[in-house]
1. Looking at B:PRO474 and the list (1) in a helix (DSSP H, G or I); (2) in contact with a Lys or Arg (Cβ under 7 Å, 6 or more places away or on another chain), which single condition is not satisfied?
2. Do we find a residue being modelled with pLDDT under 95, open to solvent by 20 Å² or more (accessible area, probe 1.4 Å) and away from chain B (no Cβ under 14 Å) anywhere in the range A:175-190?
3. Any idea which of B:THR275, B:THR362, B:THR346, B:THR328 is under 22 Å from the mean Cα position of the chain (by Cα), of a type in the set (S, T, N, Q) and under 27 Å from B:HIS227 (Cα atoms)?
4. Could you list, in sequence order, all residues of the range A:253-280 that are within 14 Å of chain B (Cβ to nearest Cβ), within 20 Å of the chain's Cα centre (by Cα), surrounded by 13 or more Cβ atoms within 10 Å (Cβ to Cβ) and of a type in the set (Gly, Ala, Ser)?
5. Please determine, by comparing only the residues of the range B:463-500 that are in contact (Cβ under 8 Å) with a residue 60 or more places away in the chain, under 18 Å from B:THR362 (Cα atoms) and open to solvent by 40 Å² or more (accessible area, probe 1.4 Å), which one is farthest from the chain's Cα centre (by Cα).
6. Return yes when B:ASN257 is among the polar types (S, T, N, Q), at pLDDT 95 or above and in contact with a Phe, Trp or Tyr (Cβ under 9 Å, 6 or more places away or on another chain) and no when it is not.
7. Find the residue count for the range B:382-416, including only residues that are charged (D, E, K, R) and either within 14 Å of chain A (Cβ to nearest Cβ) or over 18 Å from B:ARG501 (Cα atoms) (or both).
Amino acid sequence: MAQTLTDTSLAAVERALNEERDEGAQRTSVMTHVVWAPATWLKAAERTLAGLSERHPSRTILLTPAPRRKDGIDALVEVRTFPVGSSSRCIASEVVELTLKGERARAPGSIVNPLLITDLPVFCRWRGEPDWESPELEQLVQVVDRLVVDSSEWGGLPASYERLADLCDRVAVSDIAWSRTERWRAVLAAQWPAIRRAKALEVRGPQADALLLAGWLRSRLRKKVELVHRDARTVRRLAVDGSVVEAPGGAAPTPSDLLSDQLDVFGRDPIYESAVSAAR
Amino acid sequence: MSTAAENPLLEGLKLRRTPEPCALVIFGASGDLTSRKLFPALYSLAVRRLLPERFGVIGVARTEQTTRQWAAAMKAAVKEHGRDDFDESVWSNLADGLRYVATDFADDEGQDAVVRELYELDEERGTEGNRVYYLAVPPAAFETIVNELGERRDSTRGWTRLIVEKPFGHDRASANGLNAVLSEHFGEHEVFRIDHYLGKETVQNMLALRFANGIFEPIWNRQFIDHVQITVAESIGVEGRAGFYESAGAIRDIFQNHLLQLVALTAMEPPIDFTADSVRNEKVKVLRSLHTPGPKSVVRGQYGPGLVEGEEVPGYREEESVDGESMTDTFVAAKLYVDNWRWADTPFYVRAGKRLARRETTIAIQFQRAPHPPFAEIAGDGLRPNVLLIHVQPDEGVSLAIGAKVPGQGMSIRTVHMDFVYGGTFRTGLPEAYERLILDAMLGDATLFTRADEVDEQWALVDTIVAAWNRDRPVFPNYEAGTWGPRSADELVQRDGRSWRRH
C-alpha cells in the first residue's frame, strides 16, 4: 500500500511512513538515497530504482522539482517489503516521492534534512546535467556524502567537466559514465606495456565515455593522447593508434547494476578526478 | 599480470579475483558432494565470470560412463541444486572443458589416463600445467590418490593445489599419518583442508564483527562475558551416510571440525592481518589451549524414535544400515575452557547432534548481568542477560538481546532482540560456502582452510574425550528424536547454575 499526500508537511510524511511499516517486516537500511529527478528524468529514474532497493535497502527520497506550480509539497509514501530467503520474515525499504512545488523546489536541502536516517551515509543521484550555479545543487551538496551523476546525460561536454572538477573539492563524486568504462579500462590496462607509447585513442561510443577514457589514458600515462570520437549509444569500438582493441567479454552491466556499484563506493576517487581534469 | 606499481593503468580498477588458468580434477566425480555442491558452485562461479577464462574440469570416478553422460548428469545437478537460474550459454561454455575418466583410484593405467587428459586440456584450453585436485572421496581412498598424484607430479610446469574434504583422519594418529603422506609429495601451502563452515559468510562475518567494530573487542573477555554457547543442531538423521557415521559419530562428524573451528574463531586473539598464516596462527593458539575439565563435562547421546516437524521418525538404531546395537554417538555436548588470560574460567558450552528439534547453528555470547539494576525487583522479571547471537544457519545474521521498558505506566522491563539479518541488508545473494572455498583454493588463498597443526590440536582434544568414553558403556538411546538432546546435556549446564538458550 502507498499513501498519497497533497500539499502536505514532512511531519505527515513521517507519520505516513510509520503507518505504512508492516509490523512483520524489519526495516533495514544501509543509507539514505536521495534522487533529484526533474520531470523529464522521472520515468528513467523510477526504472533504475526498480529492483535497486532490493540490493540496497534504504530510505529512498525521490525529489521532483515543479517550480512553476503553486507552493507546496505532494508526497507518495510507500514501504516496499521483500521476503528474506525461504523464511517468513520480510525486510522493508522506504520510498518517499516528493514533488517540490513553487518555492519549495528551491529549498531541497531543508526538505531532505529531516528525512535523513541518522548516522548512515547519504547518496544523491542527480539525474540530468545540474545547473551548476543553482542553489538546489549547492544545498544538496552540503547535505550528502556522495553525489552520483551520469555525465553522458549532459549536453555541455567537455566544458561541464570543468564545473564538475570544481565540485569535487566539496563532495565526493561518482560518475556512472566512468563506471561504464571500467570494463574497457581493464582491457586497455591489459595492453601494458605496449600501450604506454599510445598516441591516439579512437572511440566509437557516447561522448562522455570517450572523453573519460581519453582523460584517463592521458592522466595515467602522463602524456598527450589524441582522441578521435564517433558517436554511438554504447561503446562499440576502441582502437589504440589504429589497432582495434578486443571488446570485453560478457554482458554490459545494466543501469541498475551501475548505480548499485556506485552506492557501494565511499570517499573520493582520485583516478576519476584526474581523468575528468584531463578530459577537457 | 603486472601489478598496479608497474602498470599505472591498473590503479583504481576493481579487478575481479579471477584465478590463473587451471584444470580442476575431481576425484569422486559421480558422488553426492560433486553433484549437490561442487558443480552448482562451479556453475555459480561461471555465472559471475569468476572462473579462469582458460579452465577445464576432469571428473574421475569408478562409475563407468562417458564424458557426455557425466556432463549430462552434472547439468541436471546444476539445474536441481544451483542457486542461479540456468543459462544454457554459461553451461555450454563450462561443459566444453569437461572430461571424464572412469577408473579405480589405485589403477595406474587409469591415473595415467587422467594425466593424459590434463595434458590435452593444457593443449586445448591453455590451462598451463596448473592443477587443482579435489578429493571428494571417502577417507580410505585419500592415501592411494595422494600417492598416485605425488608419483605423477610434474614439478616443472605450473602450480598444484590439493583440496581435501573432511573427515581428515579418524583420530590424531591417523590424521598425522595422512599429513605425513601429504607432506611427502606436497608442501603445506599446496594443501587445502576444507571445513565448509569456514566458507560461510556469517562465519567470516564473525571476524568482521569482532575486529571491525570497536565496541565488541573491549568486552570480549572473561570480565564481561559470562559464558559462550555454540550449537550445531541438525533435524535430519544419517540420510544414507550410515556407513561413515557408524564409525564417526557426532564427535568426529561435527565436533572435531565445525564446532571446534567455531570455538577458535570466537575465542581467537586479533590477527595482525587477514593473511592465511596470521589467522591460522591465532586459531591454533586457541585450539592448543582448549581443555575440558573432566569426563563429567562431556555428554554423549543417541536418538531414539520421536517426532520431528510433526512426523514420526525412527531411532538411530532403526535407521537403514545401522547396527541394531550401535553405540555410536549422535549427540555430543561439552564444557570447554580456553586456558589463556582472555578466557580463563569462562565456560564454552558446545553441543552438536542429529535429530534435534530444529536445524540451527548459532554462537551465543552471554554477557554478565547488570551489576545493580536500580529498578524494583519485579520490574526485571522478564529480563534475561544480554546475549549477542550469531546465526550461522539458517537465516544468517546477528542479533543482540537487550532489556527495554515495556510502554505504559510503571517500570516493567522485557528482553527484546535487535536483529541484523544478513540476507535482508545485503541482498546480493549469499554465495554458497563451496563457491568461496573453490575460488580461494584456485587463487592459492588458504585463510579459510584448516592447517595441519590445527587438525592435530582438534584431534588431540577429541582423542582425550574418546579415551574416557571407551571406559564406560552408556545406555543408548537416551534422547527422543525431535528434542534438544539427553537430560544429561541440560544437567551439564545446570550444574553451573546456567541453562541452554531457550529456542
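1. Among (1) in a helix (DSSP H, G or I); (2) in contact with a Lys or Arg (Cβ under 7 Å, 6 or more places away or on another chain), B:PRO474 violates only (1).
2. no
3. B:THR362
4. Listed by number, the residues that qualify are A:SER256, A:SER260, A:SER274, A:ALA275.
5. Going through the qualifying residues, I end up with B:ARG498.
6. Details: among the polar types (S, T, N, Q): yes; at pLDDT 95 or above: no; in contact with a Phe, Trp or Tyr (Cβ under 9 Å, 6 or more places away or on another chain): yes.
Answer is no for this residue.
7. Within the range B:382-416, residues that are charged (D, E, K, R) and either within 14 Å of chain A (Cβ to nearest Cβ) or over 18 Å from B:ARG501 (Cα atoms) (or both) number 3.
Conditions tested, residue by residue: (1) farther than 24 Å from B:GLN261 by Cα; (2) touching a strand residue (DSSP E or B) at 6+ places or on another chain (Cβ under 7 Å); (3) at pLDDT 95 or above.
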| position | (1), (2), (3) |
| --- | --- |
| B:LYS75 | yes, no, yes |
| B:HIS81 | yes, no, no |
| B:ASP85 | yes, no, no |
| B:ASP108 | yes, no, no |
| B:GLU124 | yes, no, no |
| B:VAL146 | yes, no, no |
| B:ARG153 | yes, yes, no |
| B:GLY177 | no, no, no |
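The values are calculated or read from the model by the stated rules, or taken from the named source; none is laboratory data. Here the structure is a predicted model, which is why all the values come from computation and not from measurement. Positions of Cβ are backbone-derived with ideal geometry, glycine not excepted, and every protein chain shown enters the neighbour counts. These accessible areas exclude ligands, DNA and RNA; they are computed on the full protein's heavy atoms, side chains included. Shrake-Rupley method; radii C 1.70, N 1.55, O 1.52, S 1.80 Å.
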